[in-house]
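**Student:** Attaching a single structure in structure tokens format; questions to follow.
The values are calculated or read from the model by the stated rules, or taken from the named source; none is laboratory data. Treat the numbers as computed from the prediction; the structure is a model and nothing was measured. Every residue, glycine as well, gets a Cβ built from its backbone with ideal geometry; the counts of neighbours run over all protein chains shown.
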RNA sequence: GACCCCAUCGUCUAGCCUGGUCAGGACACAAGCUUUUCAAGCUUGCAGCGCGGGUUCAAAUCCCGCUGGGGUCGCCA
């Protein structure tokens, strides 16, 4: 039976490096019909916080990484103390005040890493290992070893930063006579500059990406590509397919730099292909939060707006920036757009407004027809009016096709803005 | 510093194990098409095996060294 675990410590939010570790564990379990265990390593009483724990669980769920079993190390202190006593009784450990410390034997340790192959260590450079701290709480390595053994973890898949911990832990396994699991050490994720991923890099918490309007499917897809490839020249990999070709052996050894550009590109792809009804559900809370939404607003109309924009937004939040002009009365004209206003067209805009007002069927094709006829009549170029009109109607110099934009804006607002257009 | 890990386009990677396919794909970038602007889309282009030794008829691929990057050296996890 394959049993793997993700063991975060609730001393901070779930960050993308941890999420990737969790993802690979989860993928391995799900692809092998094994179990995925979530173990909260809250042995540091000082730094562990309930709010962080909640946040980690929320982020895990958001990513779709469901777990089969959940443990808190703070519930298990008696177990660790029992094992410490055993080592004390056997003379393998000694006390220093109330702390319990394991004597480090002098020996060679060989570990076989599923990703890197054989790694050798000499324990002579290692210091005696603290098992229980003076306050009675276990150290990371001690609790980790006992739990991995008791929870019958078959594969320990964790970050490369733990390679150096492994020989110490092997010594503990051997002292306790516990079965040693298989190890796989994942390469680390680096920032774009090649340095370690840190707050300085920008968003590192999974929850930040959620807030910025990324889809969990896209984040997960991006993360799985960091250090692993389905080998099919494919970037957008549905999870079901990824699980079919996933294998630990195919994970890269080298650290990977996180590219926000590529994540955004993937997110764009996922949004574009997402069902409009599903997007309504995702966007509604954002619209309400911005007070763009009131209950009179027609849901069907929102679907039309989304259909018009979902091919051009890279995050959910982008949608709000693009479509604000539909929901607010007084639009904000950005300075770049102002420049595109050009000559005074208030007369032309007024006549167009009057024409449009008469329309019963306010559809893009019909609006366009009315517009083209008027332009011909006035002896103007379509472009001469299209660009300033976009500015007057949306406050922006760029956007989707103008006639679709007008349709989505609605007749009333369109006519009003045309008639009240200011050119100075 | 000691110990350990790693090294293919700017970035993510395929290829490496089982030497021999113009080193393939994607992001980014550039150009073109399309167009009503921007985005999207499509087409094309740019760009890489860190260096030096071996082994071999043949090395990105196997071996050694160097260089470079990273990690760990807590009663943090």
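**Student:** Output the residue which, of all residues in region A:410-422 that are touching a helix residue (DSSP H, G or I) at 6+ places or on another chain (Cβ under 6 Å) and in a helix (DSSP H, G or I), is nearest to RNA strand B (Cβ to nearest atom).
**Tutor:** A:414
**Student:** Check whether at least one residue in region A:255-276 is loosely packed, with under 13 Cβ neighbours inside 10 Å and more than 7 Å from RNA strand B (Cβ to nearest atom), and report yes or no.
**Tutor:** yes
**Student:** May I pose another question? For region A:134-159, give me each residue that is in a helix (DSSP H, G or I) and either in contact with a helix residue (DSSP H, G or I) (Cβ under 8 Å, 6 or more places away or on another chain) or near RNA strand B (Cβ under 6 Å from one of its atoms) (or both).
**Tutor:** Matches in region A:134-159: A:140, A:141, A:142, A:143, A:144, A:145, A:146, A:147, A:149, A:150.
**Student:** Any chance region A:224-231 includes a residue that's assigned to a helix (DSSP H, G or I), touching a residue at least 60 places away in the same chain (Cβ under 8 Å), over 25 Å from residue A:188 (Cβ atoms) and in contact with a helix residue (DSSP H, G or I) (Cβ under 7 Å, 6 or more places away or on another chain)?
**Tutor:** Scanning region A:224-231 turns up no residue that is assigned to a helix (DSSP H, G or I), touching a residue at least 60 places away in the same chain (Cβ under 8 Å), over 25 Å from residue A:188 (Cβ atoms) and in contact with a helix residue (DSSP H, G or I) (Cβ under 7 Å, 6 or more places away or on another chain).
**Student:** Go through region A:240-270 and give me each residue that's in contact with a helix residue (DSSP H, G or I) (Cβ under 7 Å, 6 or more places away or on another chain) and in a helix (DSSP H, G or I).
**Tutor:** The answer is A:242, A:243, A:248, A:262, A:263, A:266, A:267, A:270.
**Student:** Also, quick follow-up: Failed condition for residue A:210, given (1) surrounded by 16 or more Cβ atoms within 10 Å (Cβ to Cβ); (2) assigned to a helix (DSSP H, G or I); (3) assigned by TED's automatic domain parsing to the domain that holds residue A:65; (4) within 16 Å of RNA strand B (Cβ to nearest atom), with all others met?
**Tutor:** The failed condition is (4).
**Student:** Confirm whether residue A:109 is touching a helix residue (DSSP H, G or I) at 6+ places or on another chain (Cβ under 9 Å) and touching a residue at least 60 places away in the same chain (Cβ under 8 Å).
**Tutor:** yes
**Student:** Right, here's the next one. If we keep just the residues of region A:100-133 that are closer than 19 Å to residue A:184 by Cα, more than 7 Å from RNA strand B (Cβ to nearest atom) and over 36 Å from the mean Cα position of the chain (by Cα), which is surrounded by the most Cβ atoms within 10 Å (Cβ to Cβ)?
**Tutor:** A:109
**Student:** In the set A:91, A:64, which member is modelled with pLDDT of 95 or more, out of contact with any strand residue (DSSP E or B) (no Cβ under 7 Å at 6 or more places or on another chain), surrounded by fewer than 14 Cβ atoms within 10 Å (Cβ to Cβ) and more than 29 Å from residue A:173 (Cα to Cα)?
**Tutor:** None of the others qualify; the one that does is A:64.
**Student:** For region A:68-88, give me each residue that is away from RNA strand B (no atom under 12 Å from the Cβ), surrounded by 13 or more Cβ atoms within 10 Å (Cβ to Cβ) and in a strand (DSSP E or B).
**Tutor:** A:71
**Student:** Among the listed residues A:326, A:305, A:331, which satisfies the condition of being assigned to a loop (DSSP other than H, G, I, E, B) and within 30 Å of residue A:290 (Cα to Cα)?
**Tutor:** After applying the criteria, what remains is A:331.
**Student:** Name the residue that is surrounded by the fewest Cβ atoms within 10 Å (Cβ to Cβ), counting only residues in region A:160-202 that are within 13 Å of RNA strand B (Cβ to nearest atom), part of a helix (DSSP H, G or I) and assigned by TED's automatic domain parsing to the domain that holds residue A:23.
**Tutor:** A:200
**Student:** If you check residue A:97 against the conditions, is it at positive phi and more than 36 Å from the chain's Cα centre (by Cα)?
**Tutor:** So residue A:97 fits the description; yes.
**Student:** What number of residues in region A:299-323 are away from RNA strand B (no atom under 15 Å from the Cβ) and either without any contact (Cβ under 8 Å) to a residue 40 or more places away in the chain or within 17 Å of residue A:214 (Cβ to Cβ) (or both)?
**Tutor:** 5
**Student:** Give all pairs with beta carbons closer than 6 Å in which a residue from region A:368-387 that is near RNA strand B (Cβ under 10 Å from one of its atoms) meets a residue that is part of a helix (DSSP H, G or I); count only pairs at least 6 apart in sequence or on separate chains.
**Tutor:** Sorted first by the residue in region A:368-387, then by its partner, the pairs are A:368/A:403; A:382/A:375; A:386/A:402.
**Student:** Residues in region A:49-59: is at least one touching a helix residue (DSSP H, G or I) at 6+ places or on another chain (Cβ under 6 Å) and over 22 Å from residue A:20 (Cβ atoms)?
**Tutor:** Within region A:49-59 (the criterion being touching a helix residue (DSSP H, G or I) at 6+ places or on another chain (Cβ under 6 Å) and over 22 Å from residue A:20 (Cβ atoms)), the answer is no, since none of the residues qualifies.
So that you can scan it fast, the table gives a plain yes or no per residue for (1) more than 16 Å from RNA strand B (Cβ to nearest atom); (2) farther than 24 Å from residue A:187 by Cα; (3) assigned by TED's automatic domain parsing to the domain that holds residue A:151:
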site	(1), (2), (3)
A:7	no, no, no
A:10	no, no, no
A:19	no, no, no
A:27	no, no, no
A:41	no, no, no
A:47	no, yes, no
A:51	yes, yes, no
A:55	no, yes, no
